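Report on one structure; see the data block that follows.
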Number of protein chains: 2
Amino acid sequence: MYTKMKGVIAKNPGSAEQLTYTEMPKPQLTADDLLIEVHAAAVNRTDILNREGKMGYVENPIIGVEVAGVVVDANQHADFQIGDRVMGLVNGGAYAEYVALPEDRAMRIPQQVTFEQATAIPEVFLTAYQTMYWIGHLAEHETILIHAGASGVGTAAIQLAKQFSQATVIATAGSERKLDFCRELGADVTINYKEQAFDEEVLQATDDQGADVILDFVGASYWEKNLASITTDGRWVVIGVLGGSTVKHVNLMQLMMKRVQVTGTLLTPRSDAYKAALSKEFMEQVGPFIEAAQIHPIIDTVFPIEEVQQAHEHMEANQNIGKIVLRVKGDGTDE
Amino acid sequence: MYTKMKGVIAKNPGSAEQLTYTEMPKPQLTADDLLIEVHAAAVNRTDILNREGKMGYVENPIIGVEVAGVVVDANQHADFQIGDRVMGLVNGGAYAEYVALPEDRAMRIPQQVTFEQATAIPEVFLTAYQTMYWIGHLAEHETILIHAGASGVGTAAIQLAKQFSQATVIATAGSERKLDFCRELGADVTINYKEQAFDEEVLQATDDQGADVILDFVGASYWEKNLASITTDGRWVVIGVLGGSTVKHVNLMQLMMKRVQVTGTLLTPRSDAYKAALSKEFMEQVGPFIEAAQIHPIIDTVFPIEEVQQAHEHMEANQNIGKIVLRVKGDGTDE
């Protein structure tokens, strides 16, 4: 039995040039897993943190948390068969020819969706769904402020908020190109944070009421403006600290007066059971919208996996709109 | 028709000596109100803020947010009759001979509960119930850290957490007398915050897991220790800033890694509808426990309303265990 494959590891913690696509053992399956032949994987910021040695998949040196591919060993799970097209979150190991995917979070790929599109779905759509609904409790017709609207999670969040909740969506980004794209996805109000004080724009757009929910990828540098932008009883979800993690001045009385809920969250470190429940609910709720092509995965660039260094550098340059995808098998047309 | 009564106002914003019990008009009822002849009112920190001019009941200069008394005008509300004994949250005006109580948040006083005991129930028990269940989502057998365990809300929270949720209760206070009382109410672990590092004690008591829910009345000065004391996916409710409101260093990445939910909240400024829904659910859920004398209002001292200045000074001295009550009518024995 051939037990070798290729996968991407970081030779040493550090920059993108540490990444190497090299031969290593095929994954060992536990009873919970399916074995997937990977067609495409996608790049996430958590992968960069892992590459830099700042977080770790303790049991898996291979980078990557989401894949799309084909079941090649169903491992006695009756719900899946060899040949099934699936996507999902893995516990590391996505940048590889084969990966173990826990069966209870494998999601079937809708028929007209390619592998490269499919791998752009799990992380950003599950994160957007989780933060907006499970944590942010976004209700129909509420107003949501989505920072980094052209990012992977941003593009997913804008679509979900519009299609699902008929929300008023206010999106921020740092270029006109990105703001145009947010509007194409359905954003009602867009703000160039480099040129406008976003809190003033949010208050103006909401009759001084503020947003009901904030999706915050920026953290410290936006703290005061986010607090000014949120309404009474608002829900503020911190899912990134691109603008620094240390806030130097937090006024708790303001949090009390506005009765704000601030929740920090990360999807990757959550339990297997949580990811399974989230994947299941997501497919029940959002799957039909994807099948009907009302909600789309947004792809910025596809790199062959041999160019994984360039793919990471592209994300670090922060110019992408939507997801950066790694093609592991095929040429993207033979699906 | 005699339209005068006596009530307490602050002559000018300032210290307790500004309080005066003086003649003024009886309250005007809206269609939503019952008219209550007040037998007892209770003192809350929000009353002190109002006295100091830091918050305001815009429409009511009379201090006080909770009462117990008798319906003297049912105002065509069929659910109540003249003579009914009720308690509840009012929109200011409690320190007076008569007050308007919105009918949909009037709670019937259980038979064996006196007026002075009854007025000790609404604010602290509704606050404890709201923060622990509606915001903190305390589940059965979870662990809750209750700061200021001997305060009004603290004594209510300890009893609710034990009776309702069979929770493990960790309470802090600043004297052995207060800690003894917390244990009498059911606290499993008590910590003298003046002598012990409470975060270390919490971690030791929870096998290094931390508390699932924190009720925080202290704010800034406890921030770091609370963050160290909370478990992954913990819920941290900030309902007071006795230790200052400005936190000088907040690490958002730690909030994300621990996936902590921090919610600021206040009960008094919430909407009439919110208070009505909370009062109704509270009486359905907790009323039977009060009737069965399994949950008790905790009274520190009863002052005649003429001694309202001393009552406020007693709260400001911070030595009370449980509620400070003002007797408005009767001698406390004729009920």
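The values are calculated or read from the model by the stated rules, or taken from the named source; none is laboratory data. Here the structure is a predicted model, which is why all the values come from computation and not from measurement. Backbone-built Cβ (ideal geometry, glycine too); neighbour counts: all protein chains shown.
Quick grid of which residues meet (1) more than 14 Å from chain B (Cβ to nearest Cβ); (2) without any contact (Cβ under 8 Å) to a residue 60 or more places away in the chain; (3) farther than 30 Å from residue A:97 by Cα:
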| position | (1), (2), (3) |
| --- | --- |
| A:224 | no, yes, yes |
| A:267 | no, no, no |
| A:274 | no, yes, no |
| A:279 | yes, no, no |
| A:294 | yes, no, yes |
| A:308 | yes, no, no |
| A:324 | yes, no, no |
| A:327 | yes, no, no |
Look through region A:206-220, keep the residues that are among the hydrophobic types (A, V, I, L, M, F, W, C) and part of a strand (DSSP E or B), and return whichever of them is farthest from the other protein chains (Cβ to nearest Cβ). A:211
Consider only pairs whose beta carbons are under 9 Å apart and that are at least six residues apart or on different chains; among these, list those whose first residue lies in region A:154-168 and is surrounded by fewer than 19 Cβ atoms within 10 Å (Cβ to Cβ) and whose second residue is assigned to a helix (DSSP H, G or I) and among the polar types (S, T, N, Q). A:164/A:285
Residues of region B:139-170 being of a type in the set (Gly, Ala, Ser), out of contact with any His (no Cβ under 8 Å at 6 or more places or on another chain), at pLDDT 95 or above and outside any loop (DSSP other than H, G, I, E, B), which ones? B:156, B:157, B:161
Do you know which of the residues in region B:32-54 that are part of a loop (DSSP other than H, G, I, E, B) and touching a Pro at 6+ places or on another chain (Cβ under 9 Å) is modelled with the lowest pLDDT? B:54
Residue under question is residue B:291, and the condition is that it be over 28 Å from residue B:175 (Cβ atoms), assigned by TED's automatic domain parsing to the domain that holds residue B:95 and among the acidic types (Asp, Glu); does it hold? no
Among the residues of region B:12-25, is any buried (at least 17 other Cβ atoms within 10 Å of the Cβ) and part of a loop (DSSP other than H, G, I, E, B)? no
Does residue A:245 fit the bill of being within 18 Å of residue B:260 (Cα to Cα), at pLDDT below 95 and in the same structural domain as residue A:227 (by TED's automatic domain parsing)? yes
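Quick check on my filter: what residues within region A:232-250 are surrounded by 18 or more Cβ atoms within 10 Å (Cβ to Cβ) and polar (S, T, N, Q)?
A:245, the sole residue that qualifies.
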Any chance residue A:187 is of a type in the set (Gly, Ala, Ser), in contact with a strand residue (DSSP E or B) (Cβ under 8 Å, 6 or more places away or on another chain), on the phi > 0 side of the Ramachandran plot and in contact (Cβ under 8 Å) with a residue 12 or more places away in the chain: no
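For (1) farther than 20 Å from residue B:152 by Cα; (2) under 22 Å from the mean Cα position of the chain (by Cα), each residue gets a yes or a no:
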| site | (1), (2) |
| --- | --- |
| B:22 | yes, no |
| B:31 | yes, no |
| B:40 | no, yes |
| B:61 | yes, yes |
| B:78 | yes, no |
Considering each of A:92, A:64, A:83 in turn, give the residue that is at pLDDT below 95, at positive phi and either not in a helix (DSSP H, G or I) or not assigned by TED's automatic domain parsing to the domain that holds residue A:310 (or both). A:92
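Only one of B:237, B:262, B:241, B:250 is of a type in the set (Val, Ile, Thr) and more than 7 Å from every other protein chain (Cβ to nearest Cβ); which? Steps first, answer last, please.
On the way: B:262 fails: more than 7 Å from every other protein chain (Cβ to nearest Cβ); B:241 fails: more than 7 Å from every other protein chain (Cβ to nearest Cβ); B:250 fails: more than 7 Å from every other protein chain (Cβ to nearest Cβ).
Just a single option satisfies the conditions, and that option is B:237.
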Residues within region A:213-231 that are of a type in the set (Asp, Glu) and surrounded by fewer than 24 Cβ atoms within 10 Å (Cβ to Cβ), tallied: 1
